[in-house]
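Working notes, beginning with the structure itself.
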């Protein structure tokens, strides 16, 4: 794909992203602001008095008009300053930088597992449609999609951590501190998340492969005497690559959102916990910042997958 | 702090020990206080329950902060672990030269972690900052202090606007935590850069992960401090904290919900420490709204709740029934008031009938969404159903519901929550039952005589006089059924067998004085 | 009717799914008569008991019979799923139709909004909406419905884009039919198929969403049972009584499976071009 059109694509995407980001953060801000619940009360804590709460609202600018507060936040965000947490004073960017790696590790591992197991399974299923493997795979896939991931997480904890003591039950270690330990902590959560992913990937791969195999093009090849495995390898994969890539992108974004409850079960200090606690306590700046970050990640992932798809199949891409 | 509970059969010894208040102290597992000479060295690893709101004692607001503040900040006044009676701390002595003048003599030779000497000027600086600093959350604590004067290199004189015998108790808490004036003047905001005069000095705070402190070599009680440092790993999920102790990653997990008791029992190689605290589960009434504006209904509720079952079900016996806002081992406890509300369903029904409350009357209550709170609510719903009241709980987060109940929305007629307790009981009663206090949801008038009785508790520092005054306060509060106290939650701590010398305290905010590690 | 039974005979999976769901509805309706105990009857002397003759699935952490709570959780669960999906349909389909049919700036605005909502972490939206409306099962599921609506909108829009160019739509317009009439009579019936399939899949997703919300304490409120709330309690007791998590978890799993199976079969049945 030509350099120019790649840049044009990126540029266009980023331009389209801006209103989405503004809209998303505005909606979140609006909802949290209109909700009952006052972060000033939490800040005043045990020593709350009406006066003290009013004073706190004044100090943190919580009594300024709605649009002014949002405007100030947006202005700072545009300059790379995501403000500080109202409750802890920590820079939101620092909080995100601290929490995101934990979530990222789990999501990446889950994605990896999903692909590692899903692709071969789907391919095996497609090789012999309606055969034993196919039926078993499809059944497993149905279960994988239907299982509540935090229930799976609870089962994994009670068996692998509490009963058999193979993996730690909770917590997370930073990858930069100790990769081995980080992965050790992330395996069970990643497994819990991966179940649904594996199922999706397997089904997608199987479906796409079946489509490809029954297409005219492939039938011609088969008529020419090529073996199924060769066809699958040389022609099938390229065609399904686009589908697979799209699914991977979608899966990544979905897993990102799905980690919230799994993080709760494993007490992982990731983005999920960060945003849920902040939302419950009405710590606006943190929620805004995390939504901001997540929307950007989603857009980036979509952009990357689209570009890769365009690279593989030049017919795509405008 | 939550507590959730898994019923485990109590051994007879435990059950009998629980039956008496004195027996409560016996729950402290003596092997945790094992004998032998303290060994120096080692870093104590604590699983901490919450990320601190701030490490500046004057700007923070959460009761969970104290256990991380105490190692870094010594207080002017300290207390006896079992009764909370005040005793000297950084102030080696004090006296009221008249009811409105408090003279405090500051120990000499004490320095802050940055070398600044702790003298009368430093104390004056701290007290005035607490009152005037914009972000100070504890202005109300020192409301009765009109002025602070330095009357000697190690002596301050506080002039009070009214008699306040509660001040020593107040100065054992946030207001008494002395911060280095040099540090404050240098950076203004020391939320994340604490400098105190405690046994340990600050090293680092990684939000939501870890707080590290190391021993301060020039600590004035260095011979009583044995550890090289303390590391607080922040693990809000208490079950996780317990597991980290069982796995040997941490040495201490504190303020555990009672349901962990069974887990601790089953784990080999874990010691438990337990003891009463002032943490009181209770139902707050908005006595300005019907039906709780009728004293008969409030009394009926107090008779209807089955406190013994509540303790058994929600605290697994690791607690005691609460008949007033003070536990039985507190120095100001009055045993007679405890007899006012025995569990009596007939009496409750009669009172409700008198107040014209029909069967199936819906009580609009509020509470929190965590599983432990929900469990407590479910028990109360059943208990109220037995006297024909239909309790309906609207739940939300703590931030939301507290604001809604105590703030201007006045949502609900009752709130199921807790009172974390204060170092001096007059603070508790003033904050809960004064006309304009935040925790008086109705902002309604209080019963006649209560304000005067409260003033009497602060009038004289004589402990017997205060005890008598408190008895009056407690009697007025409970005779008017201004709230429905349910249970006192006991402290439950999990300790690695290497930990020696740890003692829980009545305030429920663990201190690590005298703790040492067996290697 | 004959076509329906033929469909069932051909597709065993769909038959099983429908049978299970019918049974579930039956249990939900007959709950008060079927359950051996009241779901809220506590017995603090018998907490976390193992399964026995008296309590087939044991008791929970307040001594309540788990089987009874499971049975009484069924109506709440069914109500929850259908409420969420109903909200999603009511919000999403008209919006999608409008976007697809009118095009132009209406489509742009709507598509942007849909994209925004889709890039949200769903749980935050749910928390925010339940916060605004108040915590409770109904409000929580309305929030979930709002979260699902964009998916249906997008599907409806995609089909509408195709359908609006069909000949019969042009013909109707030539004859002077009003826009609402066209949308209702001609566009909707033809755009609805993928929506129907997605709806059954969303029923399963709504079920899981209800479980997640209840797990976080934002769903059904005490003392009413729901399968998600039972899981949340089981999590608390996990160290001591790990078997508590299986009854509600399995109930959720099987019901979600049934919804999904139904959706899959519908997808195949409704789309004749799909190869097996």
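Closer than 28 Å to residue B:434 by Cβ and in contact with a helix residue (DSSP H, G or I) (Cβ under 7 Å, 6 or more places away or on another chain): is that true of residue B:297 in this structure? The answer is yes for residue B:297. The condition (being buried (at least 18 other Cβ atoms within 10 Å of the Cβ), within 22 Å of residue C:195 (Cβ to Cβ) and touching a residue at least 40 places away in the same chain (Cβ under 8 Å)) is satisfied by just one residue among C:241, C:261: C:261.
Whether a residue is within 14 Å of chain A (Cβ to nearest Cβ), surrounded by fewer than 24 Cβ atoms within 10 Å (Cβ to Cβ) and at pLDDT below 90 was assessed, and residue B:187 passes this test. The strands (runs of 3 or more DSSP E) located wholly in region B:1-100 that include 3 or more residues which are modelled with pLDDT of 50 or more and within 18 Å of the chain's Cα centre (by Cα) occupy B:77-79.
Being more than 9 Å from chain C (Cβ to nearest Cβ) and part of a strand (DSSP E or B) is the filter; apply it to region B:374-393 and report the residue that is nearest to residue B:411 (Cα to Cα). For region B:374-393, the residue satisfying everything is B:391. Filtered by the rule that a residue be modelled with pLDDT of 90 or more and touching a strand residue (DSSP E or B) at 6+ places or on another chain (Cβ under 7 Å), region B:292-321 gives B:292, B:298, B:301, B:302, B:305, B:307, B:308, B:310, B:311, B:319, B:320, B:321. Only a single criterion out of (1) farther than 30 Å from residue B:256 by Cα; (2) away from chain A (no Cβ under 14 Å) is not satisfied by residue B:408, namely (2). Inspect region A:138-147 for any residue being more than 26 Å from residue C:123 (Cβ to Cβ), assigned by TED's automatic domain parsing to the domain that holds residue A:214 and surrounded by 15 or more Cβ atoms within 10 Å (Cβ to Cβ) and give the result as yes or no. Yes: region A:138-147 contains one or more residues that are more than 26 Å from residue C:123 (Cβ to Cβ), assigned by TED's automatic domain parsing to the domain that holds residue A:214 and surrounded by 15 or more Cβ atoms within 10 Å (Cβ to Cβ). Contact map, region B:200-219: first residue at positive phi, second residue in a strand (DSSP E or B) and at pLDDT below 90, Cβ cut-off under 9 Å, separation 6 or more or different chains; pairs are B:208/B:234.
Taken over region B:287-302, the criterion of being over 16 Å from residue B:476 (Cα atoms) and part of a helix (DSSP H, G or I) is satisfied by B:297, B:300, B:301. Please find, within region A:181-206, the residue that is surrounded by the fewest Cβ atoms within 10 Å (Cβ to Cβ) out of those that are within 18 Å of residue A:270 (Cα to Cα) and away from chain B (no Cβ under 14 Å). By that ranking, first place goes to A:183.
Is it the case that residue B:157 is surrounded by fewer than 19 Cβ atoms within 10 Å (Cβ to Cβ) and over 30 Å from residue B:371 (Cα atoms)? Answer is yes for this residue.
Taking residues in region A:16-27 that are under 10 Å from residue A:296 (Cα atoms), and partners anywhere that are surrounded by fewer than 19 Cβ atoms within 10 Å (Cβ to Cβ), the pairs with Cβ atoms closer than 8 Å and at least 6 places apart or on different chains are A:17/A:296; A:20/C:112; A:21/A:296.
Yes or no, residue by residue, for (1) surrounded by fewer than 20 Cβ atoms within 10 Å (Cβ to Cβ); (2) modelled with pLDDT of 75 or more:
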{"site": "A:3", "(1), (2)": "yes, no"}
{"site": "A:6", "(1), (2)": "yes, no"}
{"site": "A:11", "(1), (2)": "yes, yes"}
{"site": "A:24", "(1), (2)": "no, yes"}
{"site": "A:56", "(1), (2)": "no, yes"}
{"site": "A:92", "(1), (2)": "no, yes"}
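The numbered conditions (1) under 25 Å from residue B:362 (Cα atoms); (2) part of a loop (DSSP other than H, G, I, E, B); (3) out of contact with any helix residue (DSSP H, G or I) (no Cβ under 7 Å at 6 or more places or on another chain) are all true for residue B:461 except (1). Of B:192, B:243, all but one fail to be closer than 29 Å to residue B:422 by Cβ and either touching a residue at least 24 places away in the same chain (Cβ under 8 Å) or within 13 Å of chain A (Cβ to nearest Cβ) (or both); the exception is B:192. Take the residues in region B:95-128 that are under 30 Å from residue B:438 (Cβ atoms) and touching a helix residue (DSSP H, G or I) at 6+ places or on another chain (Cβ under 7 Å), then tell me which one is nearest to the other protein chains (Cβ to nearest Cβ). Looking at residues that are under 30 Å from residue B:438 (Cβ atoms) and touching a helix residue (DSSP H, G or I) at 6+ places or on another chain (Cβ under 7 Å), I get B:127.
Do we have residue A:287 as closer than 17 Å to residue C:116 by Cβ, crowded, with 24+ Cβ neighbours inside 10 Å and in contact with a helix residue (DSSP H, G or I) (Cβ under 9 Å, 6 or more places away or on another chain) here? Here the answer is yes, as residue A:287 does meet what is asked.
The values are calculated or read from the model by the stated rules, or taken from the named source; none is laboratory data. Note that the structure is predicted; figures quoted are calculated from it, not measured. Note that each Cβ is placed from the backbone with ideal geometry, even for glycine, and that neighbours are counted across all protein chains shown.
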